[in-house]
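Novice: Following this message is one structure expressed as structure tokens.
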Amino acid sequence: MIDRQKKKESLIRLATSGKLHPYQVMLYLGMAASGFLFLILTTMYGLQRFSDENSRFTMEIPRAFILSTLIMLGSSYTLKQAKQYFFNDYIKKSVTYLLYTLLLGFAFGAAQILGWIDLYSKTQNSLHPNVASSYVYVISGIHFFHVLFGLGYLLAILYKTYMRAKDLVAELIMVTNPFEKRKIDMLSRYWHYVDGLWLFLFLVFVLTF
């Protein structure tokens, strides 16, 4: 029992060690590039929002954006739970929380669409629409594509984990494979990054609407 616990701990350390897998390098480079892109877009949005012709106009943040923020926070929690259960060999529980995360990801997408519809209806009915509102669609839309990418990766891991959980031998092979732990760790890091990114964007919108 002690040897098994030591082996598990060594696999976890290997999966999250400082020795980066090429996939991890690609992931971190992609995250850095997208972060730089959002920094440029939010700067352009701020300059446009407070230009002379737009500074006197007001916008109201869609309530659906508030809902989507809460949903995103909830998905980060469920994915954290899924990772912990996976690392401790509770594969079936990990599958359950991965499914929760997937459903919350879809709910986030639905809330974003409702937010865009609400924002469009308010700007279209305004006699003096704020041109800067177009940046909101672009910025939140690009973020949504990041979410879709994460959902695709999550769906692939969920399907594979669910199939392995149906067979004891396949499940044992999976939990003793450090690369499987590394993949779910990469998913977790990316998803938390997307979550933090949305919190930053939401804060920008709250302060500038």
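Novice: Out of curiosity, is Leu199 buried (at least 19 other Cβ atoms within 10 Å of the Cβ), of a type outside the set (Lys, Arg) and touching a residue at least 40 places away in the same chain (Cβ under 8 Å)?
Specialist: Values: buried (at least 19 other Cβ atoms within 10 Å of the Cβ): no; of a type outside the set (Lys, Arg): yes; touching a residue at least 40 places away in the same chain (Cβ under 8 Å): yes.
Spelling it out, it is not the case that Leu199 is buried (at least 19 other Cβ atoms within 10 Å of the Cβ), of a type outside the set (Lys, Arg) and touching a residue at least 40 places away in the same chain (Cβ under 8 Å).
Novice: Tell me whether segment 85-99 contains one or more residues that are part of a helix (DSSP H, G or I), touching a residue at least 40 places away in the same chain (Cβ under 8 Å) and touching an Asp or Glu at 6+ places or on another chain (Cβ under 6 Å).
Specialist: Looking only at segment 85-99, we keep the residues that are part of a helix (DSSP H, G or I), and these are 85-87, 91-99.
Restricting the remaining residues to those that are touching a residue at least 40 places away in the same chain (Cβ under 8 Å) gives 86-87, 91-92, 94-95, 98-99.
Narrowing the set further to residues that are touching an Asp or Glu at 6+ places or on another chain (Cβ under 6 Å) leaves 91.
Yes - at least one qualifying residue is present in segment 85-99.
Novice: Scan (1) crowded, with 16+ Cβ neighbours inside 10 Å; (2) over 11 Å from the mean Cα position of the chain (by Cα); (3) not charged (D, E, K, R) for the single condition Phe144 breaks and write down its number.
Specialist: Checking Phe144 against (1) crowded, with 16+ Cβ neighbours inside 10 Å; (2) over 11 Å from the mean Cα position of the chain (by Cα); (3) not charged (D, E, K, R), the one that fails is (2).
Novice: Also: Would segment 163-183 turn up any residue that is aromatic (Phe, Trp, Tyr) and surrounded by 15 or more Cβ atoms within 10 Å (Cβ to Cβ)? Write out each step before concluding.
Specialist: Within segment 163-183, the first condition is being aromatic (Phe, Trp, Tyr), and the residues that meet it are 179.
Among the residues that remain, those that are also surrounded by 15 or more Cβ atoms within 10 Å (Cβ to Cβ) are: none.
Within segment 163-183 (the criterion being aromatic (Phe, Trp, Tyr) and surrounded by 15 or more Cβ atoms within 10 Å (Cβ to Cβ)), the answer is no, since none of the residues qualifies.
Novice: If only one of Ala32, Ala82 is surrounded by 12 or more Cβ atoms within 10 Å (Cβ to Cβ), part of a helix (DSSP H, G or I) and at pLDDT 80 or above, which one is it?
Specialist: Details: Ala32 fails: surrounded by 12 or more Cβ atoms within 10 Å (Cβ to Cβ).
From the options Ala32, Ala82, the qualifying one is Ala82.
Novice: So if I check each of Ser68, Ser134, which one is over 18 Å from Ile184 (Cα atoms), at pLDDT below 90 and either touching a helix residue (DSSP H, G or I) at 6+ places or on another chain (Cβ under 6 Å) or polar (S, T, N, Q) (or both)?
Specialist: Working: Ser68 fails: at pLDDT below 90.
Checking each option against the conditions leaves just Ser134.
Novice: While we're looking at this one, here's another question. May I ask you to list the residues in segment 165-180 that are in a helix (DSSP H, G or I) and under 18 Å from Gln84 (Cβ atoms)?
Specialist: If the condition is that a residue be in a helix (DSSP H, G or I) and under 18 Å from Gln84 (Cβ atoms), then Ala165, Glu171, Met174, Val175, Pro178, Glu180 are the ones that fit.
Novice: So, in segment 85-126, exactly how many residues are under 15 Å from the mean Cα position of the chain (by Cα) and surrounded by fewer than 18 Cβ atoms within 10 Å (Cβ to Cβ)?
Specialist: Count: 7.
The values are calculated or read from the model by the stated rules, or taken from the named source; none is laboratory data. Quick caveat: nothing in here was measured; it's all calculated off a predicted structure. Every residue, glycine among them, receives a Cβ derived from its backbone with ideal geometry; neighbour counts consider all protein chains shown.
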